[in-house]
Amino acid sequence: MAPPHVPRLPDALYARTAPYYNQVLRTWWVSTPDGVQQVLTDDALSAAHGVPIEQLTARGPIVVGMQASTDRRQDDLRGAVTPQLRPPRDGFAPIRGIPEVATRLLDQIVEPRTGQAELVKEYTQPFAAQAMCLLMGLPVAVASNVWRWLEEQVDTAAPTDPTPLWERQWAPWLALLDQRRAQPGSEVGGLVDYLLRLQAGRYRVDGRRMSDEDIAACCTTLLAVGAATVAASIASTVAYLHQYELIDAVRAEPTLVADAVREALRCEPPLPTVRRRARTAVEVDGQRIPAGEWVTACLLAASHDPDRWPDPDAFKLGRAQGQTLAFGLGEHRCPAEDLAAIELQVGLSEVVRRLPGLRVEPTAVLERRWPALVPGLVDLPCRFDADAAIAVKQQRADG
Ligand code: HEM
């Protein structure tokens, strides 16, 4: 039987065409590598959405929290968190804790000796969310909320609770900040306490003192987007390795892990598109785009350019990768790229090493979350050699 295939996104997302106006999404659609590069780096295009946060009650509060209403607000929030996301090479506490997170979760998968696991809910999602909790200096229990928040954002049913979604999702953070302020000098460090120290030092956001809502916006956005991208990417890397029968090769040769991670990010950037708004009229790929209009850069299409990556739909180890587009470009390029790369490599190498004989369930029909900001696999049912996995666990405990 052919191995289960990694499902594609809609074909339109892979096509490289001249820019056109997408009437349904109400945005200019830019998909060639040059066009995408320009959209991401041209000062005429702004990453702020221009809508006051309070009006964004219906959809996406945690995702838009940092992608703020004005350029200045966004620059200030980004300026606050970025130093904490670019880890120094040695001694960055969250990185030291990441392998432990993987170990704990994989022990829970191995111990029942069933040789079966659903890797998205049992591994990639909790791994990525708990790694973010380490970064933020929060108890790992907070991680379990992240996926519910994201589900709430795509739930189209009429809300039963009249409180706006952004208020509901930020409320626990506001309580947490009060609690943290009441216990100065607590043992727990991390991004949350760092932001509180900035606030106490009168850090300014959009011309006024940083508020608790600003901190909540940073925390919810980072926790949700940081976790969703990493979780989706580890799951699809395992699925591609399985489809192309490369899991054993990567297990036998750990130096292939980084290559596998990079190739999966090319085949499937976790954020397939990013949005901008034209500050002034601008020409992109020969198309004039009027001021004020939305522009979407399709990273997925650009990273399937056959001139740069021959046979672009195929997942191949050993490609000359060059610059990845998955983390964006220019001023807004992902500031957590190094941290994310470490999470992806640890998350992948541990699952492959700790679950010998890892295979996607042969009868599984894999599905994607779509439409979604991060259209990862819904689940990834897998099998592995239960006895061999127990032996690896034992060796680890002994060694
Ligand atoms: C596989 C993992 C990840 C991928 C592929 C990814 C991708 C991206 C991309 C494409 C952008 C640019 C968005 C734009 O231009 O509008 C971005 C921005 C950003 N990412 Fe990531 N990201 C990942 C993980 C993370 C993690 C783990 C964190 C936090 C710890 C993070 C924090 C951010 C922040 C704060 C920005 C906003 C930068 C700005 O607007 O200036 N990302 N990311």
Legend entry - Solvent exposure, largest accessible area first (probe 1.4 Å, DNA, RNA and ligands not counted), of 398, 214, 75: 398, 75, 214
Inset, instruction - Using θ = phi - 60° and the Karplus relation 6.51 cos²θ - 1.76 cosθ + 1.60, list the HN-Hα couplings for region 211-218 in order, rounded to whole Hz, with x at every Gly or Pro. - result: 9, 4, 5, 4, 5, 4, 4, 4
Legend entry - Spatial separation of Cα centroids for region 318-355 and region 261-299, in angstrom: 21
Inset, instruction - Could you pull the accessible area for residue 383 with a 1.4 Å probe, rounded to 10 Å²? - result: 110
Inset, instruction - Report the accessible area of residue 262, computed with a 1.4 Å probe over the heavy atoms of all protein chains in place, in Å² rounded to the nearest 10. - result: 110
Inset, instruction - Name the residues whose placed amide hydrogens come within less than 5 Å of the amide hydrogen of residue 22, ignoring near sequence neighbours (fewer than 5 apart) on the same chain. - result: 27, 28, 29
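Counting only helical runs of four or more DSSP H residues, what would the 222 nm mean residue ellipticity of the chain come to if each run contributes -39,500 (n - 2.57) and the total is spread over all its residues? Numbers along the way, then the final one.
Details: 14 runs with 183 residues, N = 399.
Per the formula, -14500 deg cm²/dmol.
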Legend entry - residue 273 long-range amide H proximity, modeled H, under 5 Å: 299
Inset, instruction - Please list 230, 346 in order of solvent-accessible area, largest first, computed with a 1.4 Å probe with all protein chains present. - result: 346, 230
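The values are calculated or read from the model by the stated rules, or taken from the named source; none is laboratory data. Note that this is a predicted model, so its numbers are computed, not measured. Side chains are part of the model used for accessible areas, which takes the heavy atoms of the whole protein and leaves out ligands, DNA and RNA. Shrake-Rupley method; radii C 1.70, N 1.55, O 1.52, S 1.80 Å.
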